[in-house]
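Engineer: If you scroll down you'll find the structure; I have some questions about it.
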Amino acid sequence: MQTNLADKANIFNTLIEESPMPIALYTGENMIIEVANKAMLKAWGRDASVIGKELALALPELKDQPFLDILKQVRSTGMPYEAKEDKAVLLNDNVLQTFYFDFTYKPLLDSDGNVWGILNNATDVTELVNAKFKVEHSEALLRQMIYDAPVAIGILKGRDLIIEDANDDLLKIWRKSKAVIGLKLLDGLPEIANQPFPELLQQVYNSGVAHYGYETKARLEHNGVEDDFYFNFVYDPIFGQDGEVTGIMVVANEITLQVVSKMEAAKSEERFRNFMYDIPMATAYYETENMVISLANDEMLRFWGKDKSVIGKTVAEAIPELNLQPSVETLKKVYQTGISYHADQEEFLVIIDGKEQKRWFSFTYKPIKDANGQVYAIIHAATDVTKLVQLQQQKDEFLGIASHELKTPVTSIKAYAQVLERMIRSEGDEKKATMVRKMDQQLNRLTGLIGDLLDVTKIQSGKMTFNPIEFDFDAVVEDIVDEMQHISSKHKIICNLESNAIVFADKERIGQVITNFLSNAIKYSTDADEIDVATYSQDGEVILSVRDYGIGISEDLQHLVFDQFYRVDGNLQHTYPGLGLGLYISAEIIKSEGGRIWVESTAGEGATFFFALKIK
């Protein structure tokens with residue numbers, strides 16, 4: 001279609017209509033849609049038939065959202081309104097969906113200064129906002145990963161290298177306490193000032209390129225005495241949304257004993273070889289870039305299903321079945337880069353007794369370097385974890401099958417018990433009816449245990465589902481407290497619910513966590529008669545706490561309470577029975593919802609369990 005360039009109104013209308021930015025014009029007190037270009041109609045999920053209608057009627061989903069009130073305010077005051085990353089729930093493909101917009105409501109004035117219309121410009125920033133949410137979620141997962149990781153990890157923030165986080169393993173390596181967290185690195189570890197580490201960290205910060213250190217010596221102070229220690233470590237840059245380095249993640253592994261042992265072994269080739277043969281772990285020694293098998297102890301030969309005839313051959317020649325697997329290429333990469341490789345529970349196909357078998361191994365390829373730093377050999381140490389992997393698989397399969405199989409008969413027994421109780425009670429035998437009711441209560445407990453086992457199998461298989469909705473957090477807490485109060489007549493549950501928060505999460509799963517907190521508080525405070533429940537908002541989060549006045553948890557065990565199958569020790573296991581799954585499941589639910597969960601306690605003085613969720 002050709003546009004008449006002389007027709008300025010037509011040109012203007014065309015520009016508005018074809019603009020990629022959503023634009024609309026509303027007039028009158030009822031906000032009649034006079035103009036809505038293609039981009040705005042697409043954002044609304046509507047077609048041109050809405051033009052000429054009242055905005056509230058055209059988009060009824062706006063009823064419980066603030067936009068209509070804001071438009072009225074702009075019209076009455078004549079003051080423009082601007083919003084950034086504001087949430088809007090709109091009908092799209094007949095489904096209510098959440099979007100985020102930067103938008104303005106600009107009043108249009110006539111010659112008398114009265115508002116005759118409101119111009120609405122908008123930019124859809126949904127993808128940007130969702131990306132920010134993912135970043136926030138990733139940061140929370142990163143922090144949890146740091147504290148749960150089986151290796152030493154810490155976070156240094158900013159150019160001043162502030163120690164923002166350091167897990168227990170890293171503090172142990174540094175020979176420091178948690179008091180160093182929040183300090184500059186050189187203030188917390190002044191003994192490294194004249195060592196290469198501060199300069200290496202600044203290089204990583206400036207270049208954005210990770211640094212890998214292997215068998216690196218560090219002189220550290222402990223109890224007033226400095227000594228030499230050896231480490232493998234990584235300084236990995238952390239990037240912000242703008243692509244600039246904002247900090248450095250430190251991952252370290254102390255290998256002092258290994259390095260000292262290697263130094264001793266290097267003094268004598270014969271001593272070294274004897275060490276390799278005598279070590280109980282499967283070990284092999286490869287030389288040159290072709291990976292010639294120079295040494296392999298009996299345990300390694302057994303893993304391969306070979307005999308000593310492989311000595312002197314290349315790995316590719318001696319164990320041809322590995323050529324179709326990543327082992328040979330990985331060995332070459334370790335030789336070329338000088339970077340160690342470690343794998344846990346990696347699957348392999350090996351030929352044993354002429355038959356191809358599937359096995360799992362945890363192993364390390366460690367490069368050996370000369371005085372010039374050049375790799376000349378690789379040590380291969382491995383552990384066969386096939387039985388462990390199979391047992392883990394069997395355990396998970398058993399738990400899943402057993403839980404499903406138990407659920408149906410238990411449900412039937414519960415139904416029969418309830419019918420039987422009503423029949424006996426109708427006959428007037430209250431004593432027998434009470435006994436049947438107690439049996440029903442025990443069935444409830446059994447049903448809960450089965451449910452926990454099912455949840456564990458879903459968590460481990462990644463099949464736990466979540467159905468998030470918006471809900472009033474305090475109202476849900478109050479309902480659950482009321483239910484629990486009926487169950488426990490001994491304990492008075494005292495509530496202080498002040499969050500006034502709306503959250504977007506799976507209401508039933510969050511209720512499961514709250515119920516577990518309350519059940520544990522009741523179970524572990526048999527000598528107390530009060531439980532405190534509180535909610536409050538802080539830093540964009542809603543936080544729930546459940547405090548009991550029971551046996552408490554010692555500080556050295558608090559990091560275990562959210563582990564699978566963890567239970568209290570000693571004779572208390574019989575006093576406080578259970579599978580030790582409730583807090584593990586609760587922790588997994590809260591993590592999946594992007595929240596935090598923790599405990600504060602002193603042995604003998606009760607415990608307070610917390611979790612935090614982002615406020616809508």
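Engineer: From the list Ala43, Ala39, Ala56, which one is part of a helix (DSSP H, G or I) and touching a Ser or Thr at 6+ places or on another chain (Cβ under 7 Å)? Quick ask: steps written out before the conclusion?
Structural biologist: Details: Ala43 fails: touching a Ser or Thr at 6+ places or on another chain (Cβ under 7 Å); Ala56 fails: touching a Ser or Thr at 6+ places or on another chain (Cβ under 7 Å).
Within the list Ala43, Ala39, Ala56, the selection yields Ala39.
Engineer: Are any residues in the stretch 68-90 assigned to a strand (DSSP E or B), in contact with an Asp or Glu (Cβ under 8 Å, 6 or more places away or on another chain) and surrounded by 15 or more Cβ atoms within 10 Å (Cβ to Cβ), and if so, which ones?
Structural biologist: Ala83, Asp86, Leu90, listed by residue number.
Engineer: In addition: Checking Gly208 against (1) farther than 16 Å from Ala252 by Cα; (2) under 28 Å from the mean Cα position of the chain (by Cα); (3) open to solvent by 30 Å² or more (accessible area, probe 1.4 Å); (4) not aromatic (Phe, Trp, Tyr), only one condition comes out false. Which one?
Structural biologist: Unmet for Gly208, out of (1) farther than 16 Å from Ala252 by Cα; (2) under 28 Å from the mean Cα position of the chain (by Cα); (3) open to solvent by 30 Å² or more (accessible area, probe 1.4 Å); (4) not aromatic (Phe, Trp, Tyr): (3).
Engineer: Check Ser489, Ser499 and return the single one that is buried (at least 16 other Cβ atoms within 10 Å of the Cβ), more than 25 Å from Val561 (Cα to Cα) and of a type in the set (Ser, Thr, Tyr). Quick ask: steps written out before the conclusion?
Structural biologist: Numbers: Ser489 fails: buried (at least 16 other Cβ atoms within 10 Å of the Cβ).
When all the criteria are applied, what remains is Ser499.
Engineer: Could you check Ala252 against (1) farther than 19 Å from Ile379 by Cβ; (2) among the small types (Gly, Ala, Ser); (3) modelled with pLDDT under 85 and say which number it fails?
Structural biologist: For Ala252, the failing item is (3).
Engineer: Test of understanding: among Lys332, Lys366, Lys306, which residue is open to solvent by 30 Å² or more (accessible area, probe 1.4 Å), without any contact (Cβ under 8 Å) to a residue 60 or more places away in the chain and assigned to a strand (DSSP E or B)? Spell out the reasoning first.
Structural biologist: Details: Lys332 fails: assigned to a strand (DSSP E or B); Lys306 fails: assigned to a strand (DSSP E or B).
Answer to the check: Lys366.
Engineer: Taking only the stretch 309-318 into account, find how many residues are surrounded by 15 or more Cβ atoms within 10 Å (Cβ to Cβ) and either out of contact with any strand residue (DSSP E or B) (no Cβ under 8 Å at 6 or more places or on another chain) or in a helix (DSSP H, G or I) (or both). Lay out the reasoning, then the answer.
Structural biologist: Step one: list which residues in the stretch 309-318 are surrounded by 15 or more Cβ atoms within 10 Å (Cβ to Cβ), which gives 310-311, 313-316, 318.
Keeping just the survivors that are either out of contact with any strand residue (DSSP E or B) (no Cβ under 8 Å at 6 or more places or on another chain) or in a helix (DSSP H, G or I) (or both) gives 310, 315-316, 318.
Residues in the stretch 309-318 being surrounded by 15 or more Cβ atoms within 10 Å (Cβ to Cβ) and either out of contact with any strand residue (DSSP E or B) (no Cβ under 8 Å at 6 or more places or on another chain) or in a helix (DSSP H, G or I) (or both): 4 in total.
Engineer: Further, regarding this structure: Just checking, which of Asp532, Asp539, Asp548 is touching a residue at least 12 places away in the same chain (Cβ under 8 Å), surrounded by fewer than 19 Cβ atoms within 10 Å (Cβ to Cβ) and of a type in the set (D, E, K, R)?
Structural biologist: Numbers: Asp539 fails: touching a residue at least 12 places away in the same chain (Cβ under 8 Å); Asp548 fails: surrounded by fewer than 19 Cβ atoms within 10 Å (Cβ to Cβ).
Going through Asp532, Asp539, Asp548 in turn, just one is touching a residue at least 12 places away in the same chain (Cβ under 8 Å), surrounded by fewer than 19 Cβ atoms within 10 Å (Cβ to Cβ) and of a type in the set (D, E, K, R): Asp532.
Engineer: State whether the residues of the stretch 284-294 include one that is part of a helix (DSSP H, G or I), closer than 23 Å to Asp370 by Cα and open to solvent by less than 80 Å² (accessible area, probe 1.4 Å).
Structural biologist: The initial filter retains those residues of the stretch 284-294 that are part of a helix (DSSP H, G or I), namely none.
Looking through the stretch 284-294, none of the residues is part of a helix (DSSP H, G or I), closer than 23 Å to Asp370 by Cα and open to solvent by less than 80 Å² (accessible area, probe 1.4 Å).
The values are calculated or read from the model by the stated rules, or taken from the named source; none is laboratory data. Since this is a predicted model, take the numbers as computed values, not measurements. Using ideal geometry, Cβ is built from the backbone for each residue, glycine included, and neighbour counts are taken over all protein chains shown. Calculation scope for accessible area: heavy atoms of the full protein, side chains included, ligands and nucleic acids excluded. Shrake-Rupley method; radii C 1.70, N 1.55, O 1.52, S 1.80 Å.
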